[in-house]
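S.K.: Following this message is one structure expressed as structure tokens.
The values are calculated or read from the model by the stated rules, or taken from the named source; none is laboratory data. Given the structure is predicted, the values throughout are model-derived calculations rather than measurements. Note that each Cβ is placed from the backbone with ideal geometry, even for glycine, and that neighbours are counted across all protein chains shown.
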């Protein structure tokens, strides 16, 4: 059995023409379109945890973590996907340009793979240290430019030297070298189309005559940064250019599978971790704000050899991909896993894997949907308290900080596996501010939306009976996950 999983970072559902109208007219994604014509397209697929590394712990472990901890590394009790598959005799390989997997807060995600390859140079990857030598012409920039990325740009002297091309060329080469391997799992974690939106020259003018070399939007309210409609159009165009470039090199991978005859016995999953705001609801980027569908409702395709293309309407989430991959290889997830296999749905099953999707970002809103209505539940107080984090791995991303594991930490049994212990640390308003991005978001009201007549989530439902019903649904789902007690208090449940 063989499976290729492609994780494209920051792929909005409405940038993919196969899902319907797009935020930029006539977006070109011929390879995603071709995949759609032979795959199960999941219509009600949602994030679980955000942003980047929490979403990857969903995939690596099948766990929903945002009620307990922020961005961080794998926990000692996790059963990571590559380790479980390796124990089952499957060769595992990671090819990625997602440098967060190798820095503090993500330092142990790669170690269980039989092989891994890091493609250098994306975003703030600490790679090139020499000052720019003007090998790459001085770029035009919309938004901001990180000095580290400007140095990394010096290596991008042709299209094949950009980020996504290098990743997919390496992945295609790995497939060719391993074509006689009967059992493998290849994970391609491609950081594009994540910002900075920087595509080779031939893509930059596809969607706007004034697309800059590099577009790097700020995070927050559009009015705070003076983001006019014209500026937002240029950001969308730069993003669409990057999507098209990524799609073109995804096609290189698919062409290699064609040449090697792999579609007959190799499953393919293409997924993303979250979307992005381009002025939606007045927001830019991924700031501390309500998790509207521009971020939370995401595309996902599952190709299974011998199965026809179909649309899957049942609710699914990113942490379900863990059990799905294990199921393909005939392996059962641990009994405490939150993940459920989606293979029955991809094969045309009519039953539901789950009735509700629960999703969010640590310390921010806790959200629930059945695909028809969505309830975005926020803290009932501006201090966003009480809030605590639980972990045995006291690390997070370099630009954030968790409090030191001081005397305020309490060692206690974990909630879902009482034979194990973790540390609990209550977070003050100042402790939690950088972890929750509350400084950029502020306090927000809870909102219920009926997606059937308000897909854009512009008109909150005011019927108090329906709101109470959804608050009860949210509380029930949180109880099923054994959420920490302080979360109910923080949300007024």
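S.K.: Does residue 322 meet the test of being surrounded by 16 or more Cβ atoms within 10 Å (Cβ to Cβ), farther than 25 Å from residue 102 by Cα and either in contact (Cβ under 8 Å) with a residue 40 or more places away in the chain or out of contact with any helix residue (DSSP H, G or I) (no Cβ under 9 Å at 6 or more places or on another chain) (or both)?
M.R.: Considered against the rule, which asks whether it is surrounded by 16 or more Cβ atoms within 10 Å (Cβ to Cβ), farther than 25 Å from residue 102 by Cα and either in contact (Cβ under 8 Å) with a residue 40 or more places away in the chain or out of contact with any helix residue (DSSP H, G or I) (no Cβ under 9 Å at 6 or more places or on another chain) (or both), residue 322 comes out as no.
S.K.: Check 435, 474 and return the single one that is assigned to a helix (DSSP H, G or I) and either out of contact with any strand residue (DSSP E or B) (no Cβ under 9 Å at 6 or more places or on another chain) or modelled with pLDDT under 95 (or both).
M.R.: Selected residue: 435, the only one of 435, 474 that is assigned to a helix (DSSP H, G or I) and either out of contact with any strand residue (DSSP E or B) (no Cβ under 9 Å at 6 or more places or on another chain) or modelled with pLDDT under 95 (or both).
S.K.: Taking region 168-197, which residues are farther than 30 Å from residue 143 by Cβ and crowded, with 17+ Cβ neighbours inside 10 Å?
M.R.: Across region 168-197, the qualifying residues are 172, 174, 175, 184, 185, 186, 187.
S.K.: Moving on to the next point. Please go through region 396-427 and give me each residue that is under 18 Å from residue 63 (Cα atoms) and not in a strand (DSSP E or B), ordered by number.
M.R.: 396, 414, 415, 416, 417, 418, 419, 420
S.K.: Still on this structure, I have one more. Residues being assigned to a loop (DSSP other than H, G, I, E, B) and either crowded, with 17+ Cβ neighbours inside 10 Å or in contact (Cβ under 8 Å) with a residue 12 or more places away in the chain (or both): count how many of those fall in region 105-118.
M.R.: Residues flagged as assigned to a loop (DSSP other than H, G, I, E, B) and either crowded, with 17+ Cβ neighbours inside 10 Å or in contact (Cβ under 8 Å) with a residue 12 or more places away in the chain (or both) within region 105-118 amount to 9.
S.K.: Please work out which one of (1) more than 12 Å from residue 300 (Cα to Cα); (2) touching a strand residue (DSSP E or B) at 6+ places or on another chain (Cβ under 6 Å) is the condition residue 41 fails and give its number.
M.R.: (1)
S.K.: Given (1) without any contact (Cβ under 8 Å) to a residue 60 or more places away in the chain; (2) outside the structural domain of residue 320 (by TED's automatic domain parsing); (3) assigned to a loop (DSSP other than H, G, I, E, B), where does residue 340 come up short, assuming only one miss?
M.R.: The one condition residue 340 does not meet is (2).
S.K.: I'd like to verify a number: residues in region 259-284 that are outside any helix (DSSP H, G or I) and buried (at least 19 other Cβ atoms within 10 Å of the Cβ), how many?
M.R.: Step one: of region 259-284, the residues outside any helix (DSSP H, G or I) are 261, 265-279, 283-284.
Restricting the remaining residues to those that are buried (at least 19 other Cβ atoms within 10 Å of the Cβ) gives 266-279, 283-284.
Qualifying residue count for the region: 16.
S.K.: Also, I was wondering about something else. Filter region 80-104 down to the residues that are touching a helix residue (DSSP H, G or I) at 6+ places or on another chain (Cβ under 6 Å), part of a loop (DSSP other than H, G, I, E, B) and either touching a residue at least 60 places away in the same chain (Cβ under 8 Å) or within 16 Å of residue 171 (Cβ to Cβ) (or both) and list them by number.
M.R.: Listed by number, the list holds a single entry, 97.
S.K.: So which residues in region 405-428 are under 23 Å from residue 288 (Cα atoms) and either surrounded by 17 or more Cβ atoms within 10 Å (Cβ to Cβ) or modelled with pLDDT under 90 (or both)?
M.R.: Passing the criteria: 425, 427.
S.K.: Given the condition modelled with pLDDT of 95 or more and surrounded by fewer than 18 Cβ atoms within 10 Å (Cβ to Cβ), answer yes or no: does some residue in region 6-16 qualify?
M.R.: Taking every residue of region 6-16 in turn, none turns out to be modelled with pLDDT of 95 or more and surrounded by fewer than 18 Cβ atoms within 10 Å (Cβ to Cβ).
S.K.: Within region 1-54, how many residues turn out to be under 15 Å from the mean Cα position of the chain (by Cα) and over 21 Å from residue 291 (Cα atoms)?
M.R.: Number of matching residues: 2.
Conditions tested, residue by residue: (1) under 17 Å from residue 190 (Cβ atoms); (2) in the same structural domain as residue 186 (by TED's automatic domain parsing); (3) at pLDDT 95 or above.
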| residue | (1), (2), (3) |
| --- | --- |
| 74 | no, yes, yes |
| 81 | no, yes, yes |
| 90 | no, yes, yes |
| 100 | yes, yes, yes |
| 104 | no, yes, no |
| 119 | yes, yes, yes |
| 154 | no, yes, no |
| 157 | no, yes, no |
